[in-house]
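The values are calculated or read from the model by the stated rules, or taken from the named source; none is laboratory data. From a predicted model like this one, the values you see are computed outputs, not experimental measurements. Ideal geometry is used to build each Cβ from the backbone, glycine not excepted, and the neighbour counts take in all protein chains shown.
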Amino acid sequence: MNKNKFKNVKGIVVALKANFLIVEIDNHDLKKNSLEQFSEKTRLLCTRRSKLDYQGLFIDVGDIVFVESIDYKNKRAVIFEVEPRKSFLKRPAVANVTLVAICISVKEPLFDIEQASRFLLTAESANIKPLIILTKIDLIPKNYLSLYVNKLKNWGYDCISISIKNSQGIDLLIKQFRETKLTVLAGPSGVGKTSLINHLIPKVELPTSSVSKKLKRGTHTTRHVELFAIGNGSLLADTPGFNRPEIICDPASFAYLFPEFRAQLTKSQCKFRNCLHRDEPGCVINKDLERYSFYRDNLEELINSHLPYQGGSA
Ligand SMILES: Nc1nc2c(ncn2[C@@H]2O[C@H](COP(=O)(O)OP(=O)(O)OP(=O)(O)O)[C@@H](O)[C@H]2O)c(=O)[nH]1
Ligand SMILES: [Mg+2]
Ligand SMILES: [Zn+2]
């Protein structure tokens, strides 16, 4: 068998397992190599060439890689090259993300402005489009739901409201996911990210668990990032929930991560070019907006963390 025939087989890293990487090979390549036995996509357990480590190249879920030395029988291969990333989401760590779907439950755990905003800021600062999925809407009356939807609209975001208990909003969500190359489900623990994947792709049967009655929080059931095929060549990532994403941004750019402030700053200019939108004269930011106090509190924190070191030995 000609070994070179299998050079340049391209795939995507769908999960990390201990020191191995699970790579899903494109159907297209399989067809090219006329391997009829794999009509579906196949997943290979891979190691990586040590030259990649010397080059300091980390490989994460979502990375597009080239594999060689493929052992189709035992489903093993070696990664020898990584494509440059189009985008990178730091936490959860996923490469080449096209959409961050931030799952926020309306109840159990309760919607929290600060938490929802922190997840949105993570996506905004990675320059990846966020979409909000309001989950568990079967737990609240309809008129309550419109309060949340309007609130998010005022922040500058659209949302899709869903329930896996009565399948509300699910068709719209599937359509959205299938139009997107790689969607990451992110959000706090217990909001129903894994339950949603199980609902959409029943054959995966991933473990989920109920929200702690005592702490009213999720129990960190999902421990790893994993990509699943959702149809039409699109992928969906389940990720571990975490409760308080860190904000990393320089103070001068912070306001631009909020669509409602961004809209004002593109329409008109503050008097001072270095305006931080606190109490400066001629500032164009509307301080009555709902998230302004969240902006202010976190701005102070960012300024303090950016201060040059003032101490030193006496
Ligand atoms: N009522 C209701 N409960 C839901 C819905 N979706 C999920 N749940 C419940 O929410 C609980 C937590 O769901 P998970 O899917 O484990 O949550 P997760 O976001 O994956 O949590 P982590 O893996 O810890 O990040 C489970 O008991 C689900 O049955 C929903 O639409 N309605
Ligand atoms: Mg989960
Ligand atoms: Zn200003």
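Rundown of residues vs (1) touching a residue at least 24 places away in the same chain (Cβ under 8 Å); (2) within 20 Å of VAL106 (Cα to Cα); (3) surrounded by 19 or more Cβ atoms within 10 Å (Cβ to Cβ), yes/no style:
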{"site": "LEU185", "(1), (2), (3)": "yes, yes, yes"}
{"site": "PRO188", "(1), (2), (3)": "yes, yes, yes"}
{"site": "VAL191", "(1), (2), (3)": "yes, yes, yes"}
{"site": "THR194", "(1), (2), (3)": "yes, yes, yes"}
{"site": "PRO202", "(1), (2), (3)": "no, no, no"}
{"site": "THR219", "(1), (2), (3)": "yes, yes, no"}
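Only one of these conditions is not met by GLU246: (1) surrounded by 12 or more Cβ atoms within 10 Å (Cβ to Cβ); (2) away from ligand 2 (no atom under 16 Å from the Cβ); (3) of a type outside the set (Val, Ile, Thr); (4) under 30 Å from ASN96 (Cβ atoms). Which number is it?
Result: GLU246 passes all but (1).
For region 204-215, name all the residues that are surrounded by fewer than 14 Cβ atoms within 10 Å (Cβ to Cβ) and either within 10 Å of ligand 1 (Cβ to nearest atom) or not assigned by TED's automatic domain parsing to the domain that holds GLY231 (or both).
PRO207, SER210
Is there a residue being farther than 20 Å from VAL14 by Cβ and surrounded by fewer than 21 Cβ atoms within 10 Å (Cβ to Cβ) anywhere in region 99-109?
There is at least one residue in region 99-109 that is farther than 20 Å from VAL14 by Cβ and surrounded by fewer than 21 Cβ atoms within 10 Å (Cβ to Cβ).
Quick check on this structure: which one of PHE228, PHE242, PHE254 is away from ligand 1 (no atom under 16 Å from the Cβ) and either modelled with pLDDT of 95 or more or assigned to a loop (DSSP other than H, G, I, E, B) (or both)?
Going through PHE228, PHE242, PHE254 in turn, the sole match is PHE254.
Residues to consider are LEU30, LEU44; find the one that is surrounded by 18 or more Cβ atoms within 10 Å (Cβ to Cβ) and modelled with pLDDT under 90.
LEU30
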